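Worksheet: one structure, shown below.
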Amino acid sequence: MSKIRVALIEDHDLTRVGIRTALQQKDEIEVVGEAANAADGLRLLKMLQPDIAIIDIGLPDKDGIELTREVKSFLTGEESSTKVLILTLRDNKEAVLAAFAAGADSYCMKDIKFDNLLEAVRVTYNGNAWIDPAIARIVLQQARQNQHKPEVLATDSKTTTTTAPSSEAVENNEEMIDPYTLTERELEVLQLIVEGCSNAVIAERLYITVGTVKTHVRNILNKLCADDRTQAAVRALRSGLVG
C-alpha cells in the first residue's frame, strides 16, 4: 500500500514540528519535505510533487493563498496533482472564500485536533474536501449577502465565475434546489458532508455501510449537479437544504 506523501509549509517552528510529529505517527503517511516560507515551499513542491501540501496561510514572504494559486497553476495538466490543505488561524470569510477560489482542496483551523487533522489529510487525499462547520457557515453567510453579485466558486484547480440567481432563475429552479429531490437519508448524508465528515465517519454516524454511503454521495452529486463534495456542500448551503 502506497503512503500518502505530505509536504509541510509552515513558518512557525513549533507548529511545524508538532504537525510533522503527529503525521509521522501514522504508517500510512510520509512527510517528504518541509519549508518555512513560500519561495522554498514552491521549489519543494515543484521538485517533489507530493500528494498533499499543508500550507500555512500566513507565510512571511507571501500569502499562503497566493502560493496555493501558484501551486495549482503549475500543476495544471500534470498526471500527479498535489492537493492543498490550508492550515490557518484565520476564519474570516475573505480568507476562506479566497482560499477556495485559489483552488484549495481543504481548509482547516490550526486549533484542529491532531486526530481530525489526520482525518482531513485522508479525506483530502481521497479527492474530497475537509470542510469545518464554522467555515461552511461562513460560505453560506457570504452567499446570502451577495445574492445579486457575481460569485466565485472553486472546483478542483479551476476557478469559475458565475452570477447569483435572479428571481426568474429561481422561479425556473435553475439555481434553487427542491429539497424533495433528496431523500431523508440523502439529506442526512449531505449535512454530514457539509460538516466535513468522511465516508467512514458518515457510515458510523448513520449506522450504515461505507458502500451505502458512497451510493448516497453519488446520488447527491448527481441531483445537485455537483462535480465534488465541496461544490455539493456550497450549493446545498446556498439553497438552504442544510444549515
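List of remarks:
- Filter result for D115 (modelled with pLDDT under 90, open to solvent by 50 Å² or more (accessible area, probe 1.4 Å), under 30 Å from A200 (Cβ atoms) and not in a loop (DSSP other than H, G, I, E, B)): yes
- Unique residue being at pLDDT 85 or above, of a type outside the set (F, W, Y), within 18 Å of P50 (Cβ to Cβ) and part of a loop (DSSP other than H, G, I, E, B) when the list is A120, A104: A104
- Selection over the range 18-35 of residues that are modelled with pLDDT of 95 or more, over 10 Å from R5 (Cβ atoms) and open to solvent by less than 40 Å² (accessible area, probe 1.4 Å) gives a count of 1.
- Of all residues making up the range 1-17, the number that are closer than 16 Å to P50 by Cβ and either open to solvent by less than 40 Å² (accessible area, probe 1.4 Å) or more than 19 Å from the chain's Cα centre (by Cα) (or both): 9
- Flag for A203 being part of a helix (DSSP H, G or I), open to solvent by less than 20 Å² (accessible area, probe 1.4 Å), of a type in the set (G, A, S) and modelled with pLDDT of 85 or more: yes
- Within the range 36-75, considering residues that are acidic (D, E) and surrounded by 19 or more Cβ atoms within 10 Å (Cβ to Cβ), the one nearest to A104 (Cα to Cα): D56
- Test: residue in the range 126-137 that is over 30 Å from I4 (Cβ atoms), surrounded by fewer than 19 Cβ atoms within 10 Å (Cβ to Cβ), among the charged types (D, E, K, R) and modelled with pLDDT under 85: no
- Residues satisfying the stated conditions in the range 206-243, i.e. open to solvent by 60 Å² or more (accessible area, probe 1.4 Å), assigned to a helix (DSSP H, G or I) and under 17 Å from T181 (Cα atoms): R218, N222, K223
- Residue check for T21: more than 22 Å from the chain's Cα centre (by Cα) and not basic (K, R): yes
- S80 meets the conditions (1) surrounded by 21 or more Cβ atoms within 10 Å (Cβ to Cβ); (2) modelled with pLDDT under 80 in every case but one. The failed one is (1).
The values are calculated or read from the model by the stated rules, or taken from the named source; none is laboratory data. Because the structure is a prediction, the values reported are computed rather than measured. Note: ideal-geometry Cβ built from the backbone for every residue, glycine included; neighbour counts use all protein chains shown. Side chains are part of the model used for accessible areas, which takes the heavy atoms of the whole protein and leaves out ligands, DNA and RNA. Shrake-Rupley method; radii C 1.70, N 1.55, O 1.52, S 1.80 Å.
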